[in-house]
Every structure is written in C-alpha cells, then in structure tokens.
Amino acid sequence: MNKWLLVVVVLLCLCCGGGLFGGMAELTRGAANLKSAAPWVDEHLPAVAQNWDPNTFRKDAAPMFLAAQTSSNMERMFDAIRKKLGKPKKLQPAKFLGFDSKASVSSGKQTVVRVTVDGEFEHDQATLEIAVVRVNSKDWQWASLFVRAKSGQ
C-alpha cells in the first residue's frame, strides 16, 4: 500500500511539476513574443503615418482585418485621418496595453497585442490605439487602428 502511494505521489509530482515548468517556459516565450510587438509598431507605423496611405497599411494588415473592411471604407478612413492629423512631427514609442492569446485547430496559435502611440502631427495631437496580431509565430500584422485626436473633433 505504501509503495503504491509513493508511486502515485511521484507521478503526481512529475505531472504537475512538468506542467508547471512547461507553463513557465510558455510564459517566458510569451513574454519575448510580446516584447517584439511594440518595436514592430515603432518600425512600421512611420511609413503608414507619413501619408496615411491605406495601401501601405494593407501591405502588413492581417487577413481578418482586410476581410472586415471594404476598400472604399479604408480609403475613407485614411482620408479622414490624413485631413485631421496630417503628417507626423513626432511619434512616441509604443506603450504596451495588453494582450490576448488563443489557439484553435482552424487558425492555429494567435496572439494579439494592444499598444498606444502618442503623436504630434501637422494639424493636431493624437493617441493611436493599435492592435497587432501574430498567427503561428509569423511576423506581426496590423489588426486594428483607432485614432483619438486631442482636439476631440
């Protein structure tokens, strides 16, 4: 009886410990994954904001974003941003807001990171709320863009 109890305890420790260490390893990989999102935004946003060209944005946009937007909607959105803000004078580094990670058979492993970027533009100041997505460890892609102008108009 004691021998079986010892075997059960050892197996539980191995299973739980393995799960714990495996989970810690996943968290470590996840943290490294998240750390790469803000620099990606810092690298890619200036090209998009330079002329607020929807084609520049589309180049690195996630398929799910493109599927949810018609071409004319994107044109109108970027035209409105271009008129409201103009070209960037100064963009602050992206600040981490949060993330969501999930996995499914159909879409694989997906991580969404949300950041904000404060900027000074030709016509106004604004905070850009951006989400980027990484699917199956591929490169980051734009998932959403929300512009909050300081003037509120």
Could you give every pair whose Cβ atoms fall below 7 Å, whose first residue belongs to the range 57-83 and is among the acidic types (Asp, Glu), and whose second residue is part of a helix (DSSP H, G or I), counting only separations of at least 6 or pairs across chains?
-> Asp60/His44; Glu75/Pro54
Does the range 19-37 include one or more residues that are in a helix (DSSP H, G or I) and modelled with pLDDT of 95 or more?
-> yes
Pull up the range 90-124, narrow it to residues that are farther than 27 Å from Arg134 by Cα and in contact with a helix residue (DSSP H, G or I) (Cβ under 9 Å, 6 or more places away or on another chain), then point me to the one that is surrounded by the most Cβ atoms within 10 Å (Cβ to Cβ).
-> Phe121
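Could you please let me know if Lys89 is farther than 25 Å from Asn136 by Cα and of a type in the set (D, E, K, R)? Steps first, please.
On the way: farther than 25 Å from Asn136 by Cα: yes; of a type in the set (D, E, K, R): yes.
Criteria met by Lys89.
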Counting only residues that are modelled with pLDDT of 95 or more and surrounded by fewer than 21 Cβ atoms within 10 Å (Cβ to Cβ), how many does the range 127-140 have?
-> 2
Matching residues in the range 73-132 - criterion: being among the charged types (D, E, K, R) and either closer than 18 Å to Ala62 by Cβ or under 18 Å from the mean Cα position of the chain (by Cα) (or both) | Lys95, Asp100, Lys102, Lys109, Arg114, Asp118, Glu129
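Would you be able to say whether some residue in the range 71-89 is under 18 Å from Pro39 (Cβ atoms) and either surrounded by 13 or more Cβ atoms within 10 Å (Cβ to Cβ) or in contact with a Gly (Cβ under 8 Å, 6 or more places away or on another chain) (or both)?
First, pick out the residues of the range 71-89 that are under 18 Å from Pro39 (Cβ atoms): 88.
In the following step, the residues that additionally are either surrounded by 13 or more Cβ atoms within 10 Å (Cβ to Cβ) or in contact with a Gly (Cβ under 8 Å, 6 or more places away or on another chain) (or both) were identified as 88.
Looking through the range 71-89, at least one residue is under 18 Å from Pro39 (Cβ atoms) and either surrounded by 13 or more Cβ atoms within 10 Å (Cβ to Cβ) or in contact with a Gly (Cβ under 8 Å, 6 or more places away or on another chain) (or both).
Please tell me if Gly152 is touching a residue at least 12 places away in the same chain (Cβ under 8 Å) and either part of a strand (DSSP E or B) or more than 22 Å from Glu43 (Cβ to Cβ) (or both).
Here the answer is no, as Gly152 does not meet what is asked.
The values are calculated or read from the model by the stated rules, or taken from the named source; none is laboratory data. No experiment lies behind these values; they were computed from the predicted model shown. Note: ideal-geometry Cβ built from the backbone for every residue, glycine included; neighbour counts use all protein chains shown.
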